Every structure is written in structure tokens, then in C-alpha cells.
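**Q** Below is a structure I'd like to ask you about.
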Amino acid sequence: MHANLWYPYTSVNASGLARPMLRVEGAEGPYLIAKDGRRYIDGNGSWWVSNLGHQHPRLVAALKHQADRMCHVSLAGISHEPAEALAEALVGVAPDGLAHVFFTDDGSTAIEVAVRMALQYHQQTGHPGRNRFIALEGAFHGETVTSASLSDIPVFHQSLSCLAFDCERISSPGVNEDVALTELFNLLNIKGESIAALLLEPLVQGAGGMRMHSPHFLTEARRLTREHDVLLIADEVFVGYGRTGTMWACDQAGITPDILCTAKGFTGGMLPMAATLTTGEIFQAFVNREGETDRTLLYGHSYCGNPLACAVALEVLRVYREEGVIDGIAARGEILQAGIEKLATIDGVTNPRRSGLIAAVDLPPMREEGYQDPVGWQVYDEALKSGAYLRPLGNVLYFVPALNMPVDVLRELADTAAESVTKVLNT
Ligand SMILES: *Cc1c(COP(=O)(O)O)cnc(C)c1O
């Protein structure tokens with residue numbers, strides 16, 4: 001721990017850190033590399049961003065190539081090839097009907113702009129009373145006041161509660177899909193006219209504990225929102241870019257949301273950048289009539305469309321295509337599946353679940369179930385000793401490996417996890 005550094009989501013006590021810190025000097029492919037040369041398997045994808053492993057040579061080359069030409073200019077009143085090419089390529093792989101791309105810096109701001117788009121869209125199409133949002137129990141949408149207001153993980157955001165705005169909540173479909181759908185149905189029937197949008201993490205609620213639901217829930221949510229002219233915002237920040245086995249989680253339900261947010265794996269985990277995509281219909285509401293300017297989306301960040309990040313993100317899409325990244329997920333998923341099934345044979349370990357290359361089990365809580373439970377951290381410490389980095393969510397032990405992790409490394413990761421859990425639970 002460095003005295004001048006304030007680390008994110010990291011507990012400190014009077015004597016320093018609550019647990020030793022892994023200090024790395026490098027990273028390569030599936031590994032984090034410590035100063036003494038020791039290699040650790042990155043089972044966490046460096047907080048779920050490193051979809052193509054570390055230092056992918058093509059991404060590093062794309063970054064260097066762009067750095068020699070133009071590192072940054074604003075995207076306001078200026079256009080450039082990296083942003084144009086990326087927007088076009090992104091629309092090319094996006095669910096049908098998404099045609100306009102707004103770039104921001106991270107997942108939280110991708111959500112921020114989605115919320116602004118939804119509100120202003122309704123205001124400019126004659127429905128200013130549609131100003132409320134529906135979000136899910138156990139949701140996580142980011143760290144700004146807007147995205148935290150729509151999130152539902154009290155330990156993360158309780159200090160903000162005096163500022164946060166209120167929204168409608170339906171039960172988590174990861175707990176019971178039928179209940180969630182019934183609640184959505186009833187809510188829309190009663191308050192539909194006041195709702196701007198339903199915001200959800202398709203297929204997997206990540207930070208809320210890797211809660212999974214079926215594509216059927218999404219198909220139904222799309223049908224119900226459409227019936228009530230409520231927009232559907234898909235937060236694909238975590239689940240997009242192949243994470244659940246298809247390019248987008250929405251693809252598994254064959255739906256197109258009105259707004260889709262992507263970040264995390266968007267730059268292969270190399271640079272902070274995000275995108276919010278929307279339809280021609282929504283974009284049209286922001287087109288000014290002759291002589292007017294008041295329909296403009298007056299929103300933007302200093303680094304919108306940063307050329308370095310655009311060049312890398314564009315190369316990410318080429319790597320996906322040319323290296324068959326999505327096609328390689330099924331076989332790796334089988335390895336993870338075997339891994340969590342083996343974990344679930346250990347006494348006390350329950351609820352093995354998987355979607356693409358997200359896999360999780362619940363460990364028996366030691367104190368209180370949820371994010372604060374120490375059991376996951378005990379497994380973390382053991383795994384680290386054996387060469388694997390496996391950051392838990394309280395008592396939820398999960399795997400978010402690179403989508404191209406070599407299969408033997410993935411097997412080693414699963415074995416290390418099983419050995420570590422056995423050690424922790426049997427002592
Ligand atoms: C991580 C995450 C965010 C926030 O993204 P940041 O880049 O950390 O701001 C938003 N939504 C989901 C589903 C996430 O997992």
C-alpha cells in the first residue's frame with residue numbers, strides 16, 4: 001500500500017490495509033506479474049474489463065500507431081476517422097435498429113447519458129410526464145449519483161442516499177423471474193404513463209452477486225415496455241462483448257433495446273471508454289427544426305471519442321472477428337462449468353451458475369450473507385498463495401476470465417479455486 005494512494009473498494013484500518021496488496025509490475029495474456037516474476041492467473045479479468053487478456057499485441061500496436069498520429073482532440077464541432085470508423089463498426093455488430101453512437105468515458109457515464117437521452121426524448125415528443133425509471137432489485141449501474149440512484153446495493157451507495165433520486169423497483173429476476181414479470185406487468189398497468197424507461201442488466205446482474213435470469217425474461221420485458229411506450233435501456237457494460245456467450249446478452253433474446261450501454265470489454269480492458277447506442281427514432285427527437293436549437297442534447301465530456309481509445313476499440317472488434325473470440329467461448333464455458341460443478345460438491349457450496357464466461361457459486365456465509373461476508377476473502381487469500389487472483393463479492397465466488405484464456409490456464413484456475421475453497425472450509 002502506498003501512503004499517498006487511496007485505493008478503490010479497499011478497506012483500510014489503523015495499521016494499513018485490511019489485507020496484503022498484490023503489487024504487480026507487468027501483465028501478459030492471462031497473467032498478472034509481480035516484481036519477483038511470480039505469475040498470477042487473472043480470474044477476475046481485472047474487474048471484468050480484460051476480455052482479450054493483457055497486452056494483446058494487436059491492441060498495443062493499434063494504440064502505438066494512433067499515438068504517433070493524434071492522441072486527443074475534442075469531438076465537439078470536430079470529427080475524426082477513429083471515432084467515425086468505430087461508430088460505424090459498432091453499429092455493424094449492434095442489435096438491429098441501433099444506429100447512433102454517443103461516446104463517453106466509462107460505464108457510469110454511459111448510463112448517465114442513457115438516462116438523459118430517455119428523459120429528453122420524452123420531453124421532446126410531448127410526454128414530459130414520463131420522468132420515472134424502473135430498475136431491478138440488486139442492480140448495479142455505476143458510481144455517479146444518477147447511476148447509483150438506479151443501483152440497489154445499499155453497502156456501496158448508502159452514503160449517497162441523501163442525494164439519490166427515487167425510482168420504481170421490481171424484484172430481481174435472478175431470484176424469481178415470474179415474480180419479477182408480474183411486478184413489471186402490474187407496475188406498468190398502474191403507473192405506465194409516468195415511466196420513462198426500464199433499465200436492466202440483461203442475463204446477469206453482476207455486482208449484485210452474479211444473479212442470472214433467462215432470455216425469456218428479456219423477451220417479456222421488451223414486449224411489456226413496448227406495449228406501454230416505455231423505453232428499454234440495456235446496461236451491457238458487463239454482459240456485452242461476448243461475456244455471456246453472444247456478442248450482446250440481448251442477442252440471446254433476439255431483442256433490440258431502445259438504448260444500449262457498453263463499456264468494460266469495449267476497449268479490451270486497455271483504456272477507459274464507453275458508448276451509448278440508440279435508435280433512429282430516439283435520435284430524430286433531437287433533430288432541431290429550422291431555426292431552432294433547443295432540441296440539442298447538451299451533454300458531453302472532455303474526452304468524448306478520444307482517438308487513442310477509439311483506435312484500440314476498433315482493433316478489439318477486428319480481433320473478435322479475426323480470432324474467432326465468440327466462437328471460442330463455448331468450449332471454455334464447458335471447462336468453467338465443470339469447475340463450478342466440482343466446487344458445488346464441496347460441503348456448504350451451493351448454487352453453481354454460469355452464463356458464457358461468467359460463473360459463480362455461493363460460499364457458506366461466515367457472518368452475514370452478502371458483500372461484507374469475509375469467507376470470499378479467505379478464499380481469495382488462499383488462491384493468491386497458489387497463484388490465482390479471484391476477487392470475490394462477499395460470499396459469492398466467481399470467475400470472469402479473459403474470453404481467450406488458454407484452456408489449460410482456465411483449468412488450472414478452476415482447480416486452484418477448488419483447492420482454495422476446500423482449504424478454507426475445512427479449517
Ligand atoms: C461496472 C459496471 C458499470 C459501471 O462501469 P464503470 O466503468 O465502472 O463506471 C455499470 N453497469 C454495470 C452492469 C457494471 O458492471
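The values are calculated or read from the model by the stated rules, or taken from the named source; none is laboratory data. What you are looking at is a predicted structure, and each value in this text was computed from that prediction instead of being measured. Neighbour counts are summed over all protein chains in view; Cβ atoms, including those assigned to glycine, are modelled from backbone coordinates with ideal geometry. The protein model used for the area step is the full one, side chains on, heavy atoms only, and it has no ligands, DNA or RNA in it. Shrake-Rupley method; radii C 1.70, N 1.55, O 1.52, S 1.80 Å.
**Q** Please count, across the chain, the pairs of lysine residues with Cα atoms under 24 Å apart that sit 8 or more places apart or on different chains.
**A** 5
**Q** A further question follows. How large is ³J(HN,Hα) for each residue in the stretch 3-20, as worked out from phi by the Karplus curve 6.51 cos²θ - 1.76 cosθ + 1.60 (θ = phi - 60°), to whole Hz, x for Gly and Pro?
**A** So the J values, rounded to whole Hz, are 4, 9, 9, 9, 8, x, 6, 10, 6, 10, 10, 4, 8, x, 7, 5, 8, x.
**Q** Tell me the label-point distance for the pair R226, S11, using the 7 Å Cα-to-Cβ offset, in nm and rounded to one decimal.
**A** In this crude spin-label approximation the distance works out to 4.7 nm.
**Q** May I ask you to derive the FRET efficiency for V91 and E334 from their Cβ-Cβ distance with R0 = 22 Å, giving the value to the nearest 0.05?
**A** 0.10
**Q** Sorted by average packing, counted as other Cβ atoms within 10 angstrom per residue and highest first, what order do 247-256, 166-175 take? Kindly include the intermediate steps, with their values, before the conclusion.
**A** Details: 247-256: 21.9, 166-175: 18.5.
Answer by packing, highest mean first, reads 247-256, 166-175.
**Q** Further question: Share of the stretch 106-216's accessible area from carbon and sulfur, percent, 1.4 Å?
**A** About 53 percent, which is the carbon plus sulfur part of the accessible surface.
**Q** Just the number, please: carbon plus sulfur as a percent of the accessible area of the stretch 282-426, 1.4 Å probe, no ligands or DNA/RNA counted.
**A** The value for the stretch 282-426 is 47 percent carbon and sulfur by accessible area.
**Q** Given the C-alpha atoms of the chain, compute the convex hull and give its volume per residue in Å³.
**A** Numbers: hull volume 66.6 nm³, N = 427.
In the chain, the Cα hull volume divided by residue count equals 156 Å³.
**Q** Take every DSSP beta bridge whose two residues both sit in the chain, then give the antiparallel share in percent to the nearest 5.
**A** 65 percent
**Q** Next question, about the same structure. What spacing in nm lies between the two simple spin-label points modelled at D408 and C162, each 7 Å away from Cα in the Cβ direction?
**A** Roughly 5.8 nm, to one decimal.
**Q** Let me ask something additional. Is the C-alpha gyration tensor of the stretch 253-382 telling us rounded, prolate or oblate? Criteria: a/c under 1.5 is rounded; beyond that, a/b larger than b/c is prolate, otherwise oblate. Show your work: numbers first, answer last.
**A** On the way: a/c = 2.49, a/b = 2.00, b/c = 1.24.
Cα axes put the stretch 253-382 in the prolate bin.
**Q** Let me ask something additional. Extending each Cα 7 Å along its Cβ direction at E177 and Y299, get the distance between those two points in nm, one decimal.
**A** Taking the two extended label points, one gets 3.1 nm.
**Q** Here's a follow-up. If K264, K423 are ordered by their accessible area, calculated over protein heavy atoms with a 1.4 Å probe, which sequence runs from highest to lowest?
**A** If we order K264, K423 from most to least accessible, we get K423, K264.
**Q** Please say if the stretch 130-282 is rounded, prolate or oblate, where rounded means a/c under 1.5 for a ≥ b ≥ c the square roots of the C-alpha gyration tensor eigenvalues, and otherwise the choice is prolate for a/b larger than b/c and oblate otherwise?
**A** Rounded is the answer for the stretch 130-282, as its axis ratio a/c remains below 1.5.
**Q** Rg/Rh for the stretch 318-357: what does it come to with C-alpha atoms and Rh from Kirkwood?
**A** Radius of gyration relative to Kirkwood radius: 1.18.
**Q** Could you please put Y398, Y371, Y303 in sequence from largest to smallest accessible area, using a 1.4 Å probe? Each step should come with its number before you reach the end.
**A** Details: Y398 5, Y371 60, Y303 135 Å².
Output order, biggest surface exposure first: Y303, Y371, Y398.
**Q** Can you work out ³J(HN,Hα) from phi for every residue in the stretch 116-121, in order, using Karplus 6.51 cos²θ - 1.76 cosθ + 1.60 and θ = phi - 60°, giving whole Hz and x for Gly and Pro?
**A** Those phi angles translate into 5, 4, 5, 5, 5, 4 Hz.
**Q** State whether the stretch 104-215 is rounded, prolate or oblate according to the following rule on the C-alpha gyration tensor (a ≥ b ≥ c being the square roots of its eigenvalues): a/c under 1.5 gives rounded; otherwise a/b larger than b/c gives prolate, and the remaining case gives oblate.
**A** oblate
**Q** Around A388, which amide H atoms from residues at least 5 apart in sequence, or from another chain, sit under 5 Å from its own amide H, with H modelled in the peptide plane?
**A** Close amide H contacts, sequence-distant or interchain: I41.
**Q** OK, next. Report, in debye and to the nearest 20, how large the dipole of the stretch 259-412 comes out about its Cα centre when Lys and Arg carry +1 and Asp and Glu carry -1 on their Cβ. Spell out each step's value before the answer.
**A** Numbers: 13 positive and 19 negative charges, 29 e Å.
Approximately 140 debye in magnitude.
**Q** Of the listed peptides 25-33, 72-80, what is their order by residue-averaged count of other C-beta atoms within 10 Å, with the highest listed first?
**A** 25-33, 72-80
**Q** Measuring with a 1.4 Å probe in the full set of protein chains, what accessible area per residue, in whole Å², belongs to the chain?
**A** Numbers: 18580 Å² over 427 residues.
Value for the chain: 44 Å² per residue.
**Q** Moving to a separate point now. Only helical DSSP H runs with n ≥ 4 go in: add -39500 (n - 2.57) per run for the chain, normalise by residue count and round the 222 nm mean residue ellipticity to 500 deg cm²/dmol.
**A** The helix contribution divided over the chain gives -11000 deg cm²/dmol.
**Q** Order these peptides, 41-52, 214-225, 1-12, by their mean beta-carbon neighbour count within 10 angstrom, highest first.
**A** 41-52, 214-225, 1-12
**Q** Moving on. Amide H of S172: which non-local residues (sequence gap of 5 or more, or other chain) have their own amide H closer than 5 Å, using H built in the peptide plane?
**A** E137
**Q** Restricting things to alpha carbons, find the Rg to Rh ratio for the stretch 188-346 using the Kirkwood radius for Rh.
**A** With Rh from the inverse mean 1/r over Cα pairs, Rg/Rh is 1.03.
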